[in-house]
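Please treat every number below as a calculation from the coordinates, not as lab data. None of the values given here were measured: they were computed from a predicted structure. Methodologically, a virtual Cβ is constructed for each residue, glycine included, from the backbone with ideal geometry; neighbour enumeration extends over all protein chains shown.
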Amino acid sequence: MKSISFMILMAIASHALSGMPVETGEITFLQIHNNPDSTSNSGHRFIVKLNSTSSENSCGHDQWTGYLDKDSGKAQYSALLSAVMAGKPVMLEGTAPDRCESGSLLLRNVYAIW
């Protein structure tokens, strides 16, 4: 029964990740960025790089970005910071291979890997 449940879970996960850019690795760069021209919270974001290459990327740079203007973005940043401090790898999933912000893939999900 456990193996059937595991296979169903893996099928759902692979379907959910299909077509989305994905990258797994350890964090080599983590920055909080404030756009100097922005007067709203939309300019507050973070940028992250891993020691690997994303599966799909038409944005130009091998890095990811997320926004700090909502609780979900703050939670993503917190998870990334925790992974850096623990020396653990993460898996990042983007919204689409061509959804970009200043040359970075737009981050959708952060997964803890262990």
**Sum of side-chain charges, S54 neighbourhood, beta-carbon under 14 Å (Lys, Arg +1; Asp, Glu -1)** = -2
**Request:** Starting from the range 21-114, pick out the trypsin sites (Lys or Arg not before Pro) whose DSSP state is loop and whose Cβ has at most 13 other Cβ atoms within 10 Å.
**Result:** K70
**Prompt:** Shape call for the range 21-112 from the C-alpha gyration tensor, a ≥ b ≥ c root eigenvalues: rounded (a/c under 1.5), prolate (a/b greater than b/c) or oblate?
**Reply:** oblate
**Complete:** A chain fully extended from N35 to T95 at 0.36 nm per residue, minus the present Cα-Cα distance, gains in nm 19.4 nm
**Complete:** Percent antiparallel among DSSP beta bridges confined to the range 21-112, nearest 5, equals 90 percent
**Asked** So if R0 is 22 Å, what FRET efficiency would A112 and H61 give, r being the distance between their Cβ atoms, rounded to the nearest 0.05?
**Response** 0.35
**Complete:** Simple SL model, points at 7 angstrom along Cα→Cβ for A79 and S102; separation in nm is 2.3 nm
